[in-house]
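Q: Pasting a structure here, questions to come.
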Amino acid sequence: MYDTMSAVALAKCAFQLHVASMAGELKDRKKLTAVQFRRYMADAPKCVVVFEACGSAHYWAREMMALGHEARIIPAQFVKPFVKRHKNDRNDAEAILVAAQRPEMRFTAVKSEDQQARAVVFRARERLVHQRTELVNAVRSTLYEYGHTFPVGLGHVKRIAELIEAPNCDLPALVVTECQDPLAQIAEKTERIKAKDKLMKRIRPVSAL
């Protein structure tokens, strides 16, 4: 059983730390750099450390657990209702503290390094798919300006390529050249997506990425 709870508003340059009793009585407020925060928590009595879910929350949660603290992460949408004034680090830390002490509050499981690494792979694949879709739509839009209409979808890229490469293509030479470049990028991204798919088959699926 812990006597205190520390709520931390993470930021790139400085962290806002609010320390309170488990009953909610505020004991201390501090603004610390990442180095100072790590040093402070290494010397602090073991407590519950709470973060709002953000880019580095899982990393810092693991760091706190390594120091012997209990780490918890609250989804951002559950913290927002408790921000009473203008959004800043101090008010965010206060909101995290209040939210964490609600008996019905739901916390996010802290991800391991391996889980986060796998999530990076999934996001990278999604990014490639998004970029490829943008390229396909850009080529379709260009061809539409010259009277050529193609349905939405990757399955029609082959027909587009056949039009571009046809000896009797009725498109201006400059347009043909400008379409060849995104088509080459589409092919390259397709190969990279296939490589990601092979990698994803070798790793265990991670829920709630």
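Q: Only one of Val50, Val83, Val19 is at pLDDT below 95 and of a type in the set (Val, Ile, Thr). Can you tell me which?
A: Exactly one of Val50, Val83, Val19 is at pLDDT below 95 and of a type in the set (Val, Ile, Thr), namely Val83.
Q: Mind checking which pairs have a first residue in segment 122-136 that is assigned by TED's automatic domain parsing to the domain that holds Cys179 and a second that is outside any helix (DSSP H, G or I) and surrounded by 13 or more Cβ atoms within 10 Å (Cβ to Cβ), Cβ under 8 Å, 6 or more apart or different chains?
A: Phe122/Val206; Phe122/Leu209; Arg123/Leu209
Q: When segment 37-83 is examined, which residues are found to be touching a residue at least 40 places away in the same chain (Cβ under 8 Å), of a type in the set (A, V, I, L, M, F, W, C), surrounded by fewer than 21 Cβ atoms within 10 Å (Cβ to Cβ) and closer than 21 Å to Gln116 by Cα?
A: Ala53, Cys54, Met65
Q: Separate question: Regarding Ile96, is this residue in a helix (DSSP H, G or I), surrounded by 18 or more Cβ atoms within 10 Å (Cβ to Cβ) and touching a Cys at 6+ places or on another chain (Cβ under 8 Å)?
A: no
Q: Sticking with this structure for a sec: Looking only at segment 7-46, which residues are of a type in the set (Phe, Trp, Tyr) and touching a helix residue (DSSP H, G or I) at 6+ places or on another chain (Cβ under 7 Å)?
A: Phe15, the sole residue that qualifies.
Q: Search segment 146-169 for residues that are without any contact (Cβ under 8 Å) to a residue 40 or more places away in the chain and in the same structural domain as Gln185 (by TED's automatic domain parsing) and pair each with any residue that is of a type outside the set (Val, Ile, Thr) and surrounded by fewer than 12 Cβ atoms within 10 Å (Cβ to Cβ) when their beta-carbon atoms are under 6 Å apart and the residues are at least 6 apart or on different chains.
A: none
The values are calculated or read from the model by the stated rules, or taken from the named source; none is laboratory data. Here the structure is a predicted model, which is why all the values come from computation and not from measurement. Positions of Cβ are backbone-derived with ideal geometry, glycine not excepted, and every protein chain shown enters the neighbour counts.
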